[in-house]
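Quick notes on the structure that follows.
The values are calculated or read from the model by the stated rules, or taken from the named source; none is laboratory data. All values derive from a computational prediction rather than experimental measurement. Methodologically, a virtual Cβ is constructed for each residue, glycine included, from the backbone with ideal geometry; neighbour enumeration extends over all protein chains shown.
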Amino acid sequence: MMRVRQDEMPGQEEKARIKELASFWIADTPPEPRFTRFVDLAKRLFATEMAFITLVAEEHQSFKACAGLDIERTPRSESFCTHTIASNEVLVIHDSLKDPIFADMSIVIGPPHIRFYAGAPLITANGYRIGAMCIADRTPRPQFSQEDRDNLAELSRLVMEQMELRRADFLKTISANFANATDLALISINAQGLIEFANPAALSMFGFHASEMIGNPIDIIIPERLRHAHGMGLARVAQGAEPKLKGKTVEVLALKKDGSEFPIEVALSIWRDQRGLGAGAIIKDISERRERDTKLLRLASQDTLTGLCNRHKFNDLLKAEYSRGALATVILLDLDGFKEVNDTHGHGVGDALLQAIGIRLNYALSEKATLARFGGDEFAVLLPGTADPLEAGREAAAMIEAFGKSFEIGGHVLDLGVSMGFALAPMHGADEEELVASADFALYRAKQAGGRTCRMFEPSMRNETLARRAQRDELLKALRNNELVLHYQPQIYLDSGRVFGAEALIRWQHPERGLLLPSTFLPSLEQSSLALEVGWWVLEEACRQSAEWRDAGHCDIKMSVNLFPVQLRSPNICQKVLEAVKRHGLHPSQLELEITETVALNDDSRSLEVLTTLRNLGFGIAFDDFGTGYASLSSLQRYPLTTLKIDRGFVQDMLTTPRDAAITRALITMSTDLGLETIAEGIENPAQEAALRALGCRAGQGYLYGKPMPAADMEKVLYAAVTTEAKRHASSSC
């Protein structure tokens with residue numbers, strides 16, 4: 001039988017096998033009688049000194065049951081079972097000391113001195129081999145018949161059946177615990193309409209004891225006038241008709257034990273099993289929501305689209321609070337991503353979305369809060385009688401949580417975020433207009449922080465915001481007057497010193513203040529509508545320069561361009577990028593698009609779709625400054641990356657700070673294992689370069705090789721690199 005070493009197993013297949021093992025929740029768990037019985041039986045059946053059941057994880061094997069052996073886990077390198085799971089056959093080692101693969105194992109030359117081994121793989125229903133049923137002796141056994149092999153294989157199948165039963169029991173326990181703990185009411189009925197299950201939340205909602213509901217008709221919670229229609233619908237489904245309400249959420253009236261009716265929201269599920277038809281419902285009491293909706297409809301001044309209080313009415317309510325000297329809090333909301341919905345799906349979907357948002361926000365807020373729509377995607381909340389920042393924070397958190405679930409509008413699944421700023425009266429405003437303006441300054445700061453968050457007004461925000469708005473006006477003038485320029489920093493291979501790429505970096509050649517670095521103007525730029533226009537200009541200019549270098553003979557230089565967050569959210573980003581390279585005769589592989597992990601994950605589903613499309617078109621995709629944000633390691637597998645850039649902060653202190661060195665080493669190893677190019681940023685001296693090379697890093701950029709420079713200076717670097725490469729080839733040929 002062919003044996004496969006652990007490091008030879010196909011990567012994707014091994015990952016799938018590990019995932020399958022994890023689904024059983026059994027690896028590294030204590031012994032259980034149901035499995036101990038199997039090893040005791042195997043020991044007697046085959047007259048061996050030892051028998052055990054193992055589970056082979058990614059780096060080690062654990063022992064679920066042992067007889068004649070006291071051990072909990074071993075490394076995979078010290079494991080017979082790693083080889084057992086390489087095929088579906090029983091593995092037999094007659095004398096391990098005579099087998100070159102196993103002769104040097106510590107469990108062979110040392111305790112427990114295994115000389116004979118036989119193992120049958122544990123094969124799941126999906127065909128994955130997750131462990132083995134094994135027997136072993138301290139003396140060689142030259143004979144192990146086909147009947148013995150068949151018996152051992154049968155034992156392994158029986159063990160696997162027990163593992164499947166154990167998993168099913170575990171899932172049932174989880175389901176039961178969830179049903180008992182959730183606040184949602186859960187009810188199931190059989191084909192005859194009899195209640196078979198009702199969780200504690202359902203019993204509490206309808207006012208019954210379990211004995212009063214279980215076994216009784218579902219009619220006990222349905223108003224009498226609605227029972228006939230319900231019974232007819234259930235009968236049609238029992239006869240095989242497709243249920244009209246399956247997968248839908250509907251609002252109906254329900255009946256309590258005391259005879260009172262109340263509105264509920266019901267999500268219905270239908271299934272068929274060996275007993276026939278079954279139906280279940282998730283039920284929510286929406287009495288408070290209905291009362292709130294009714295109250296909203298009675299408001300005199302409403303937003304015509306959403307039925308919410310409009311800006312005029314909101315200002316009147318706030319003015320009334322000021323006139324009686326009361327405390328008040330104003331929260332302003334701005335939707336993150338709403339413009340893209342309008343641009344992509346049209347105003348009809350956008351209007352329906354605003355209506356759904358109004359309903360959901362109202363449901364999330366406390367009873368005393370008043371929600372208003374100012375227009376567009378701007379909403380406001382008034383909390384009368386309070387100026388407590390903690391209370392404002394709680395309301396804001398509830399609204400942010402409300403946006404955690406997607407909106408389903410017209411067949412589209414839409415994910416939005418929300419940014420918020422709030423101000424407290426009277427400390428943040430002498431009148432209603434100043435208070436709303438203060439909340440607007442705080443909202444601007446929340447959007448500047450990346451959105452999906454909330455900020456409280458601080459007096460410093462007013463002056464800072466005005467300064468940023470003035471700078472944005474200057475930036476618009478700078479773009480029109482061609483004051484924005486690109487500088488380029490070389491990227492080199494550490495082993496050869498060859499320049500293989502250049503990163504395009506924006507600069508502002510200010511007519512009065514000289515050359516300005518991005519840190520002085522990017523914060524203002526990224527929060528303005530000008531960011532998209534500047535972003536496309538950077539892309540266009542970088543492609544033009546790349547084509548110019550190509551025409552000068554530098555065909556193998558890859559251009560890296562940083563994308564602004566607003567570009568990644570743009571609905572036509574893929575078309576824009578593709579048109580830019582085509583316009584200048586470039587191949588997509590000559591352009592690499594850099595984004596920070598935080599920007600990508602702020603809009604996870606949208607960014608993943610965009611980056612996957614760009615990667616499929618042939619463009620390189622790089623995560624910049626990886627390790628400084630909040631991306632999970634799994635995102636490296638999920639996103640279609642070609643390059644991982646290690647932040648300069650880790651490189652700078654890696655020679656003096658063990659923690660930074662460990663992080664750098666881990667990032668390089670992960671990137672290499674995932675087949676990504678690794679570029680270390682901020683290399684400033686030969687010692688850092690040597691350390692990175694020793695860790696396996698192939699590429700880097702930093703002041704050691706050149707600061708960001710104008711295109712003309714970068715071209716000199718490219719010519720010098722070509723000359724050096726030619727001399728090196730000439731020397732090697734001699």
| task | From the list ARG452, ARG445, ARG472, ARG480, pick out the single residue that is out of contact with any Gly (no Cβ under 9 Å at 6 or more places or on another chain), of a type in the set (Lys, Arg) and either touching a residue at least 40 places away in the same chain (Cβ under 8 Å) or under 30 Å from ALA320 (Cβ atoms) (or both). | result | ARG472
| task | Give me a count of the residues in segment 343-381 that are among the basic types (Lys, Arg) and over 27 Å from the mean Cα position of the chain (by Cα). | result | 2
| said: If a residue must be part of a loop (DSSP other than H, G, I, E, B) and in contact (Cβ under 8 Å) with a residue 12 or more places away in the chain, how many such residues does segment 106-116 contain? | reply: 4
| task | Could you pull out every one of the strands (runs of 3 or more DSSP E) wholly within segment 356-472 that has 1 or more residues that are more than 28 Å from ASP293 (Cβ to Cβ)? | result | 417-425, 454-456
| request: Mind listing whichever residues of segment 691-723 are closer than 21 Å to PRO518 by Cα and part of a helix (DSSP H, G or I)? | output: ALA711, ALA712, ASP713, MET714
| message | Please go through (1) buried (at least 19 other Cβ atoms within 10 Å of the Cβ); (2) touching a residue at least 40 places away in the same chain (Cβ under 8 Å); (3) within 15 Å of GLY119 (Cβ to Cβ) for ILE26 and return the number of the only condition it doesn't satisfy. | response | (3)
| query | Got a sec? Which of GLY376, GLY429 is surrounded by fewer than 19 Cβ atoms within 10 Å (Cβ to Cβ) and small (Gly, Ala, Ser)? | reply | GLY376
| request: Would you check which residues across segment 19-50 are among the small types (Gly, Ala, Ser), touching a helix residue (DSSP H, G or I) at 6+ places or on another chain (Cβ under 8 Å) and farther than 21 Å from ARG76 by Cβ and list them? | output: ALA42
| remark: Within segment 117-168, of all residues that are among the basic types (Lys, Arg) and not in a strand (DSSP E or B), the one surrounded by the fewest Cβ atoms within 10 Å (Cβ to Cβ) is ARG157
| task | Please give the number of the condition LYS64 fails out of (1) assigned to a helix (DSSP H, G or I); (2) out of contact with any Lys or Arg (no Cβ under 7 Å at 6 or more places or on another chain). | result | (1)
| task | Find the residue count for segment 200-231, including only residues that are part of a loop (DSSP other than H, G, I, E, B), modelled with pLDDT under 90, within 17 Å of GLY259 (Cβ to Cβ) and touching an Asp or Glu at 6+ places or on another chain (Cβ under 9 Å). | result | 1
| task | Please name all residue pairs, on different chains or six or more residues apart, with Cβ atoms under 6 Å, provided the first residue is in segment 399-417 and is without any contact (Cβ under 8 Å) to a residue 24 or more places away in the chain and the second residue is exposed (fewer than 12 other Cβ atoms within 10 Å of the Cβ) and of a type in the set (A, V, I, L, M, F, W, C). | result | SER406/VAL413
| said: Considering only residues that are of a type outside the set (Lys, Arg) and either farther than 12 Å from LEU484 by Cα or in contact (Cβ under 8 Å) with a residue 60 or more places away in the chain (or both), which ones fall in segment 498-521? | reply: VAL499, PHE500, GLY501, ALA502, GLU503, ALA504, LEU505, GLU512, SER519, THR520
| field | Pair list, Cβ < 7 Å and 6+ apart or interchain, from segment 702-716 residues that are surrounded by 14 or more Cβ atoms within 10 Å (Cβ to Cβ) to residues that are polar (S, T, N, Q) | value | LEU704/ASN685; GLY706/GLN489; PRO708/GLN489; ALA711/GLN545
| remark: Okay, strands (runs of 3 or more DSSP E) sitting entirely in segment 476-548 with 1 or more residues that are surrounded by fewer than 16 Cβ atoms within 10 Å (Cβ to Cβ) and β-branched (Val, Ile, Thr), I get 484-493
| Here are some conditions: (1) in contact (Cβ under 8 Å) with a residue 40 or more places away in the chain; (2) under 43 Å from the mean Cα position of the chain (by Cα); (3) closer than 17 Å to VAL56 by Cβ. MET160 meets all but one. Which one does it not meet? | (1)
| message | Give me the helices (runs of 4 or more DSSP H) completely within segment 605-690, filtered to those with at least 3 residues that are at pLDDT 85 or above and of a type outside the set (A, V, I, L, M), ordered by residue number. | response | 648-652, 658-673
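Name the strands (runs of 3 or more DSSP E) wholly inside segment 245-352 in which the number of residues that are in the same structural domain as TYR444 (by TED's automatic domain parsing), more than 26 Å from GLU212 (Cβ to Cβ) and at pLDDT 80 or above is 2 or more. Outline the logic, then answer.
On the way: elements: 249-255, 261-273, 276-285, 328-336.
Qualifying strands (runs of 3 or more DSSP E): 328-336.
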| task | Run down ALA229, ALA210, ALA202, ALA235 and say which single residue is in contact (Cβ under 8 Å) with a residue 24 or more places away in the chain and not assigned by TED's automatic domain parsing to the domain that holds PHE52. | result | ALA202
| said: Based on this model, can you work out whether ALA103 counts as small (Gly, Ala, Ser), in the same structural domain as ARG167 (by TED's automatic domain parsing), over 28 Å from LEU165 (Cα atoms) and part of a loop (DSSP other than H, G, I, E, B)? | reply: yes
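Let's see how each residue does on (1) assigned to a loop (DSSP other than H, G, I, E, B); (2) in contact with a Leu (Cβ under 8 Å, 6 or more places away or on another chain); (3) surrounded by 20 or more Cβ atoms within 10 Å (Cβ to Cβ):
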| site | (1), (2), (3) |
| --- | --- |
| ALA16 | no, no, no |
| LEU21 | no, yes, yes |
| ILE53 | no, yes, yes |
| GLU58 | yes, no, no |
| ASP70 | yes, no, no |
| GLU89 | yes, no, no |
| VAL92 | no, no, no |
